[in-house]
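J.: The structure that follows is given in the form of structure tokens.
Derivation of every value follows stated rules applied to the coordinates shown; laboratory data play no part. This structure is a prediction, so every number in the text was calculated from the model and none was measured. For neighbour counting, all protein chains shown are included, and Cβ atoms are generated from backbone atoms with ideal geometry for every residue, glycine included.
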Amino acid sequence: MSDLDDLIASVAGWCDPEKAAYLRDLVVSSKARSIVDVGVFGGKSTFSFIEGCRQQGFGLVYGVDSWDLSDNTEDLTQAQDVEFWETIDLRSHMERFLEKAFETEAWDYLRLLNIQSQRAYRIFDDAEIDVLHVDGSHTETAALRDIQNWWPKLNVGGFVILDDNHLASVKPTVEFVKARSVLEKDLNFRESCSVCYKKTK
């Protein structure tokens with residue numbers, strides 16, 4: 001196992017080693033300076049981006065997550081989905097993420113925005129972001145709102161990764177991005193299903 005494999009295995013979430021390596025390498029290959037990870041949870045994708053910044057010696061990863069139950073259950077219509085999130089101790093996952101960030105000396109490359117996504121995007125200038133990972137709520141309303149809010153903040157030529165793009169509720173978000181981008185890579189693995197696009201307009 002690589003150091004990155006060990007790192008992501010030590011925190012919670014759904015990000016295969018192959019996806020983690022892709023996120024790390026995307027930072028390096030694109031020489032990304034500003035990376036936004038919407039939906040940190042345990043931090044697997046966030047730490048993958050941080051490792052890319054560490055390899056190239058520059059860049060900042062902005063992790064966006066409120067770790068608030070109401071944000072995770074917003075607009076959910078299935079009782080089992082609500083019950084799933086009610087069984088998860090989000091506070092403990094945030095605390096574990098923070099512990100791992102200190103343990104790995106990640107703060108040279110990490111800025112944590114412990115607020116809702118619909119507030120966080122306002123902090124950024126238009127065309128400021130080089131890589132955007134959208135992995136917040138997967139309800140149709142929330143997912144589409146996320147991409148519409150964050151889209152102007154991503155520069156033309158920048159990359160967006162959409163998580164769980166196979167879900168029907170995420171389809172409008174995928175269609176929004178497809179109309180403004182070119183496909184870069186499908187990322188379909190055992191634990192996660194994502195797709196990466198390069199923004200063209």
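J.: In the chain, what is the volume of the convex hull around the alpha carbon atoms, normalised per residue and reported in Å³? List each step's numbers first, then the result.
T.: Working: hull volume 21.6 nm³, N = 201.
Per residue, the Cα convex hull of the chain comes to 107 Å³.
J.: Right, another one. Starting at the first residue of segment 44-49, write each ³J(HN,Hα) from the Karplus equation 6.51 cos²θ - 1.76 cosθ + 1.60 with θ = phi - 60°, in whole Hz, x for Gly and Pro.
T.: Listing the rounded values in order: 4, 5, 4, 5, 5, 5 Hz.
J.: Now for a separate question. Calculate the dipole size of the chain relative to its Cα centre from +1 charges on Lys and Arg beta carbons and -1 charges on Asp and Glu beta carbons; express the result in debye to the nearest 20. Mind dumping the intermediate values first?
T.: Numbers: 22 positive and 35 negative charges, 194 e Å.
Once rounded to the nearest 20, the dipole reads 940 debye.
J.: In segment 45-69, whose amide N lies under 19 Å from the spot 7 Å out along Cα-to-Cβ of residue 31? List them in ranges.
T.: 52-61
J.: How would 24, 190 line up from fewest to most surrounding beta-carbon atoms within 10 angstrom?
T.: Values: 24 24, 190 10.
Going from least to most buried by this count: 190, 24.
J.: Among the listed pairs 31/198; 100/198; 100/199; 19/171; 100/153; 19/198, which are separated by more than 25 Å between their Cα atoms? Don't skip to the end; give the middle numbers.
T.: Details: 31/198 14 Å; 100/198 31 Å; 100/199 32 Å; 19/171 21 Å; 100/153 28 Å; 19/198 17 Å.
Distance filter (> 25 Å) returns 100/198; 100/199; 100/153.
J.: Going by amide H atoms built from the backbone, whose H comes under 5 Å of the H on residue 34, apart from near neighbours?
T.: Amide H to amide H, under 5 Å and 5 or more residues apart or across chains, residue 34 pairs with 60, 130, 131.
J.: Taking other Cβ within 10 Å of each residue's Cβ, how do 89, 5, 37 sort, fewest first?
T.: On the way: 89 11, 5 14, 37 29.
Starting with the residue having the fewest Cβ neighbours, the order is 89, 5, 37.
J.: Dipole of the chain (Lys/Arg Cβ +1, Asp/Glu Cβ -1, origin at the Cα centre): which of 136, 165, 149 lies farthest to the positive side?
T.: The residue sitting most towards the positive pole is 149.
J.: Could I ask something else about it? May I ask for the distance between the Cα centers of segment 99-114 and segment 157-192, given as a whole number of Å?
T.: Comparing the Cα centres of segment 99-114 and segment 157-192, I get a distance of 27 Å.
J.: Can you put 184, 191 in order, fewest other beta carbons within 10 Å first?
T.: 191, 184
J.: On to the next question. Treat each spin label as a single point 7 Å out from the Cα along the C-beta direction, and report the residue 180 to residue 156 distance in nm.
T.: 1.3
J.: Could I have the simple spin-label model distance between residue 115 and residue 55, label points 7 Å from Cα toward Cβ, reported in nm to one decimal?
T.: That separation, rounded to one decimal, is 3.2 nm.
J.: With θ taken as phi - 60° and the coefficients 6.51, -1.76 and 1.60, list the Karplus ³J(HN,Hα) couplings across segment 143-151 in order, rounded to whole Hz; mark glycine and proline as x.
T.: For segment 143-151, the Karplus curve yields 5, 5, 4, 4, 5, 5, 5, 7, 3 Hz.
J.: With each pseudo-label sitting 7 Å past Cα toward Cβ, what's the residue 9-residue 201 distance in nm, one decimal?
T.: If labels sit at residue 9 and residue 201, their model points lie 4.6 nm apart.
J.: Please turn the phi angles of segment 5-19 into ³J(HN,Hα) values with the Karplus equation 6.51 cos²θ - 1.76 cosθ + 1.60 (θ = phi - 60°), one per residue in order, whole Hz, x for glycine and proline.
T.: 4, 4, 5, 6, 6, 8, 10, 7, x, 10, 8, 5, x, 5, 5
J.: What aspartates and glutamates could a cross-link reach from residue 185, if we take a straight Cα to Cα line under 19 Å and drop same-chain neighbours fewer than 8 places away?
T.: 16, 18, 25, 37, 130, 135, 163, 164, 175
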